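S.K.: Before I ask anything, let me first share the structure, which is written out below as structure tokens.
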Amino acid sequence: MDIDSVGKGDGDIGSCLDPELLILPELSPLALKSNPSIADDLFDQWLSLPETGRLVKSLIDDAKAGNPINAIGNSNTAGSHTTPSMFPAASTPPLSPRSSSGSPRFSKQRSSPPLGSPLKLVTEQVREVIPQFYFKNGRPPPKELEQQFFSRIDDFFNNHPDGLRLHEFKPLTKEICKLPTFFSSVLFRKIDTDSTGIVTKNGFIKYWVDSNMLIMDTETQIFKLLKRHNCNYISQVDFKPVLQELLATHPGLEFLKGTPEFQERYAETVVYRIFYYINRAANSRLTLRELKRGNLIDAMQHVDQEEDINKVLRYFSYEHFYVIYCKFWELDTDHDFFIDKENLIRYSNHALTYRIVDRIFSQVPRKFTSKIEGKMGYEDFVYFMLSEEDKSSEPSLEYWFKCIDLDENGVLTPNEMQFFYEEQLHRMECMGQEPVLFEDILCQIVDMISPEKDDAIMLRDLKRCKLSGNVFNILFNLIKFMSFESRDPFLIRQEREDPSLTEWDRFAHREYIRLSMEEDGEDASNGSIEVWDESLEAPF
């Protein structure tokens, strides 16, 4: 194309166009789509300008002469001027993908159309359909899973066209929903909102499929069944209907049917144990996150399959409940279902010091639920006893750490530990035992824990050490301290043979034997001493 003719042939058009008028706002792809000729018209008008002709000619001359080509039209022509909107007389600006791809000069050097291809590409990206990634009730189940589920439901309801009653609903809970059978009543009432006493096929599908319970994991299913409407947590009272059904249907608890008082105490103890271990926030509000991190669901499945309730050591063992309740009853001399300081100091044959009992009743480790000044209720005692008899668990370490941390700064200092050990030292002297100086004890504790700082023990130091529970025994439990000092190798080997048993499991088993021997009518004192010697592992 003759460059000179570009500028001269259309001189009339160029003279009537103001270059400033070509500074237009960016056009959207939709505007170009509705009027595809607008880009060609603008490009033709730009080529008709005299400045454009001179610029293109100077670039061609530079190319022929072998001079470097400047993108902004830096040619040898002194009088050349650029359009204000396209070529500012300044240093070279940074190129952008849009400017380079959409530039007429760059487009002309390619074989592809000048503007059609980039704009078409942008239009395709804008029109791309993004699949739905958020579902209010969760992602719908796959079609294959739905078909298999509907097939099983059809087979189940074929013999019950009018619906299922509660006693007929239990097999569906276990076989179709894969939930423990003692969740039948809760699930039944969730579906039968009108209290008709019947769950129809459509009603079950509406609740279990339409609300996406089908694709939820077991923890989420149980969480939704237990929690109340508009709550994002499970409270203690929410477990009551499930445990009532467990007490009414489990063969291992059938002997309790004639004693409703002990049924209620058993259910309370199970709930307290669940919240002690799983509710790490200690706010009596069990969240879904806490439920998933715990082992409660496995224990529920286990108790549903096991006829011997005492083989389910986690939470549901009746023997464990029996030990806790009997220990509380022994200390509660006036049987008002409350314990004071003088009662608690007698725990485990006066094993605890007065100073640690004072800290417990100051409610530093945990606020009492009794609401009576100077009195500990049954729930408070359950938390105390689980902490005292298994100091290897995290809840126990946190419980006793708060007791020893006098200034509540999150650090145990030598002065704080010495404050509690002083009473231990005095008791050893009164009993004729060879006293162990605190300096030696402190070295032993530091060697045992290996804290980050020798003069400051933090909770994380204790949690990563398997022997950290012995630190608290040294400070305020004389019987366990002396037992630790003279460990029986035979008992140590027994512990290693079955590491799945916790300290609480071993204690509860030994204590249940002692209590059952007393119940059988044997001599209480002799039987107690004989078994208690074994439970202490190495009495002094």
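S.K.: For region 255-283, enumerate the residues that are touching a helix residue (DSSP H, G or I) at 6+ places or on another chain (Cβ under 9 Å), open to solvent by 50 Å² or more (accessible area, probe 1.4 Å) and small (G, A, S).
M.R.: Within region 255-283, A281, A282 meet the criteria.
S.K.: Among the helices (runs of 4 or more DSSP H) lying completely within region 133-203, list those that include at least 1 residues that are under 22 Å from E307 (Cα atoms) and touching a helix residue (DSSP H, G or I) at 6+ places or on another chain (Cβ under 7 Å).
M.R.: Output list reads 166-175, 184-191.
Here is a yes/no grid of residues against (1) over 19 Å from L243 (Cβ atoms); (2) surrounded by fewer than 19 Cβ atoms within 10 Å (Cβ to Cβ); (3) touching a Ser or Thr at 6+ places or on another chain (Cβ under 7 Å):
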residue: R165; (1), (2), (3): yes, yes, no
residue: K170; (1), (2), (3): no, no, yes
residue: T173; (1), (2), (3): no, no, yes
residue: P180; (1), (2), (3): no, no, no
residue: S184; (1), (2), (3): no, no, yes
residue: D192; (1), (2), (3): yes, no, no
residue: T200; (1), (2), (3): yes, yes, no
residue: G203; (1), (2), (3): yes, yes, no
residue: W208; (1), (2), (3): yes, no, no
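S.K.: Going by the conditions given, is E423 acidic (D, E) and either closer than 25 Å to E389 by Cβ or under 34 Å from the mean Cα position of the chain (by Cα) (or both)?
M.R.: Details: acidic (D, E): yes; either closer than 25 Å to E389 by Cβ or under 34 Å from the mean Cα position of the chain (by Cα) (or both): yes.
For E423, the condition - acidic (D, E) and either closer than 25 Å to E389 by Cβ or under 34 Å from the mean Cα position of the chain (by Cα) (or both) - is met.
S.K.: Of the residues S528, S486, which single one is more than 23 Å from E394 (Cα to Cα), over 37 Å from the mean Cα position of the chain (by Cα), modelled with pLDDT of 65 or more and small (G, A, S)?
M.R.: Going through S528, S486 in turn, the sole match is S486.
S.K.: In this structure, does K240 turn out to be in a helix (DSSP H, G or I), under 17 Å from V271 (Cβ atoms) and among the basic types (K, R)?
M.R.: Working: in a helix (DSSP H, G or I): yes; under 17 Å from V271 (Cβ atoms): yes; among the basic types (K, R): yes.
For K240, the condition - in a helix (DSSP H, G or I), under 17 Å from V271 (Cβ atoms) and among the basic types (K, R) - is met.
S.K.: Take region 428-459 and flag every residue that is more than 41 Å from the chain's Cα centre (by Cα), part of a loop (DSSP other than H, G, I, E, B) and among the aliphatic types (A, V, I, L, M).
M.R.: Of everything in region 428-459, those that are more than 41 Å from the chain's Cα centre (by Cα), part of a loop (DSSP other than H, G, I, E, B) and among the aliphatic types (A, V, I, L, M) turn out to be M431, V436, L437.
S.K.: Within region 367-394, which residues are within 17 Å of V471 (Cα to Cα) and either of a type in the set (D, E, K, R) or open to solvent by 20 Å² or more (accessible area, probe 1.4 Å) (or both)?
M.R.: Scanning region 367-394 gives E388, E389, D390, K391, S392, E394.
S.K.: Are there any pairs, at least 6 apart or on different chains, whose C-beta atoms fall under 9 Å, with the first in region 38-56 and free of Cβ contacts under 8 Å to residues at least 24 places away in the same chain and the second part of a helix (DSSP H, G or I) and of a type outside the set (F, W, Y), and if so, which?
M.R.: I38/A31; I38/L32; L42/L22
S.K.: Only residues that are open to solvent by less than 40 Å² (accessible area, probe 1.4 Å), among the hydrophobic types (A, V, I, L, M, F, W, C) and closer than 15 Å to I297 by Cβ: list them for region 214-242, please.
M.R.: I222, F223, L225, L226, I234, F239, V242
The values are calculated or read from the model by the stated rules, or taken from the named source; none is laboratory data. Because the structure is predicted, anything quoted here is derived from the model rather than measured. Because the Cβ atoms are built from the backbone with ideal geometry, glycine has one as well, and the counts that use them run over all protein chains shown. Quick note on the areas: whole protein, heavy atoms, side chains included, nothing else; ligands and nucleic acids left out. Shrake-Rupley method; radii C 1.70, N 1.55, O 1.52, S 1.80 Å.
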